[in-house]
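Q: Questions regarding the structure given below will be posed in turn.
Values quoted throughout were computed directly from the atomic coordinates according to the rules given, and no laboratory measurement underlies them. None of the values given here were measured: they were computed from a predicted structure. Cβ coordinates were reconstructed from backbone atoms using ideal geometry, including for glycine residues, and neighbour counts include every protein chain displayed.
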Amino acid sequence: MLCYPANIRHIFISPGHNYFGRPKDGPGAHPTHDVARVELRAGLGLVGDRYYGVAAHFNAQVTFVAWEVFAEVRRALGAHELSPMLLRRNIVVEGIPLNQLIGQEFTIMDASGAGVRFQGASHCAPCAWMDAALGAGAWQLLKGRGGLRARILTDGVLRRGPVQVQSDVALDASTITAPIARPRLPA
């Protein structure tokens with residue numbers, strides 16, 4: 001088992017889905033909460049989140065996005081005031097090459113040694129809403145690096161702050177902001 005230092009910068013949960021329909025119609029009004037900790041339930045999702053227990057989201061019980069990608073998008077758009085909350089991903093991580101975890105099991109452990117096990121399911125493709133939420137060009141900037149959809153394999157708690165990521169595969173942190181290879185993008 002290989003171990004990598006990382007950081008959970010944000011944990012977002014929302015009781016409702018805000019990006020539905022067409023961006024020109026505007027987003028929904030459900031609040032999004034940036035919490036210090038969240039309970040995760042195997043096979044169900046994040047307690048309190050809009051997709052908790054929703055069968056259609058089996059492969060996206062939790063979504064991750066890389067802080068480094070978000071920072072690049074902000075720089076490219078010249079919009080440094082934007083919040084990663086607008087991406088509508090649950091966990092904003094720093095130091096983890098998420099695309100390398102597609103199809104892989106991994107564990108995120110806090111300083112106490114408590115951890116949650118995940119199965120990386122698929123790339124979390126961005127949609128046209130990203131241009132509406134972040135600014136023109138965001139959708140294109142996020143293609144191939146919109147995050148990771150994952151299944152939760154064990155119950156546990158995640159907290160903001162330093163963590164360790166355990167994986168059976170070697171991870172290359174230099175590729176965190178690199179887009180996934182085209183042949184692996186979902187249709």
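Q: Report the charge-dipole magnitude of the chain in Debye, nearest 20, computed about the Cα centre from +1 at each Lys and Arg Cβ and -1 at each Asp and Glu Cβ. Present the calculation step by step, with values, prior to reporting the outcome.
A: Numbers: 19 positive and 14 negative charges, 78 e Å.
Taking the Cα centre of the chain as origin, the dipole is about 380 debye.
Q: What is the chain's relative contact order, in percent, from Cα pairs under 8 angstrom and six or more apart in sequence? Before the final figure, lay out the partial values.
A: On the way: 439 pairs, mean separation 59.0, N = 187.
Normalised by residue count, the contact order of the chain is 32 percent.
Q: By the scheme Lys and Arg +1, Asp and Glu -1, what is the net charge of all other residues having a beta-carbon under 14 Å from that of Gly48? Before the final figure, lay out each step's value.
A: Numbers: positive: Arg37, Arg41, Arg50; negative: Asp34, Glu39, Asp49.
The answer is 0.
Q: Out of (i) 139; (ii) 113; (iii) 101, which label holds the value of volume of the Cα convex hull per residue in Å³ that was computed here?
A: (ii)
Q: Lys and Arg at +1, Asp and Glu at -1: add these up for the other residues within a Cβ distance under 11 Å of Gln119 and post the number. Working shown, then result.
A: Numbers: positive: Arg117, Arg149, Arg151; negative: Glu105.
Spelling it out: positives minus negatives among the neighbours equals +2.
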